[in-house]
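The values are calculated or read from the model by the stated rules, or taken from the named source; none is laboratory data. Only a predicted model underlies this, so the values are computations on that prediction, with no experimental measurement involved. FYI the Cβ positions are ideal-geometry reconstructions off the backbone, even for glycines, and counts take in every protein chain you see. All accessible areas refer to the heavy atoms of the entire protein, side chains included, with ligands and DNA or RNA removed. Shrake-Rupley method; radii C 1.70, N 1.55, O 1.52, S 1.80 Å.
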Amino acid sequence: MRAGPSRRSTRGRWPRGRRAARERCRRPGGPRRLGEVEPVTDTPAPVVVIPRGGAWGERVATAARQRGLDPRVVSLITTEPPLDGGPLDRAVARVAGYAWVVVTSATAVTVLAERMAGLPYGVRVAAVGEPTARAARAAGWVVDLVPEQASAAALVEALPDTDGTVLFPRSEIAAPTLVDGLRARGIDVDDVVAYRTVGTGDEPITLDAVPDAVLVTSGSVAREIARRMTPLDPRTLVACIGPGTAADARAAGLPVHVVGPTRSAEALLDAVVEALNPTAPEQEGHP
């Protein structure tokens, strides 16, 4: 897959790349207020790779432009129905009998919501991460639990004891952390594959400009970047959405330069802006 003319030379080493990125980023005069992230304002805008298309990719690309970045949407992964849709169909048919529905991705919410008019009264919802919770609320669900830490392990600890069954609609490649953790607590889990995460092709991907940053939003994205976009230019920041994804990226052979503070694409973009502008004045109230 090509996204323009052939890629520029990869000459130069990482320190030079940091200087180049710094030259493309500046902050208007005056210190920032605490918690404020200034957008990158110099031209040309730093190029950031958005690794998924669709509505998600459009939303993140818009957020990137709002921060002064130049987004390039490169669809590395997509979702497909499970090879056997029977278990999911049966779960939807008896959804009223579950005590909880636990979702760890917006995709799981979308797949489930498309198959039913709404959640029956009395079925509680737990979501990992605010983006997943936001998708659930957009589907008309009341979200009862969002752990402070956006991880399956945190949800295992936070979910109240229940005598009922928990429905966990998931990706085919989801880690067993949540299912194993809940079952270890004696909680019955209906572990159902709701969708498959697959790559979009095999051909190498080149861009018309060396990207300043590549967003890594899941382990599957990390593996596709390693498979189709390496070797990355030494100037390119690899930015991961959380510690778990950073570990997946390293396991795939990628360097990790930025780790987002929360499992939010917007927070990850803010972290990229900060990383591309490392010599900016400190925030007020910070040494």
Counting only residues in segment 186-204 that are in contact with a Leu (Cβ under 8 Å, 6 or more places away or on another chain) and in a loop (DSSP other than H, G, I, E, B), the one least open to solvent (accessible area, probe 1.4 Å) is identified as Ile187
When segment 127-140 is checked residue by residue, the ones that are buried (at least 19 other Cβ atoms within 10 Å of the Cβ) and either within 15 Å of Pro169 (Cα to Cα) or basic (Lys, Arg) (or both) are Ala127, Val128, Thr132, Ala133, Ala135, Ala136
Exercise. Looking at Arg124, is it of a type outside the set (Phe, Trp, Tyr), open to solvent by 40 Å² or more (accessible area, probe 1.4 Å) and in contact with a Phe, Trp or Tyr (Cβ under 8 Å, 6 or more places away or on another chain)?
Worked result: yes
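Being part of a helix (DSSP H, G or I), over 23 Å from Glu130 (Cβ atoms) and without any contact (Cβ under 8 Å) to a residue 40 or more places away in the chain is the filter here; which residues of segment 217-232 pass it?
Listed by number, the residues that qualify are Arg223, Ala226, Arg227.
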Quick check, is Ala213 open to solvent by less than 20 Å² (accessible area, probe 1.4 Å), touching a residue at least 60 places away in the same chain (Cβ under 8 Å) and in contact with a helix residue (DSSP H, G or I) (Cβ under 9 Å, 6 or more places away or on another chain)? yes
Within segment 103-118, residues being free of Cβ contacts under 8 Å to residues at least 60 places away in the same chain and in contact with a strand residue (DSSP E or B) (Cβ under 7 Å, 6 or more places away or on another chain) number 1
Residue hits (segment 233-270; open to solvent by 10 Å² or more (accessible area, probe 1.4 Å), charged (D, E, K, R) and in a loop (DSSP other than H, G, I, E, B)) are Arg235, Arg263
Checking Val179, Val214, Val273, Val210 in turn, the sole residue that is in contact with a Pro (Cβ under 8 Å, 6 or more places away or on another chain), outside any strand (DSSP E or B) and not hydroxyl-bearing (Ser, Thr, Tyr) turns out to be Val273
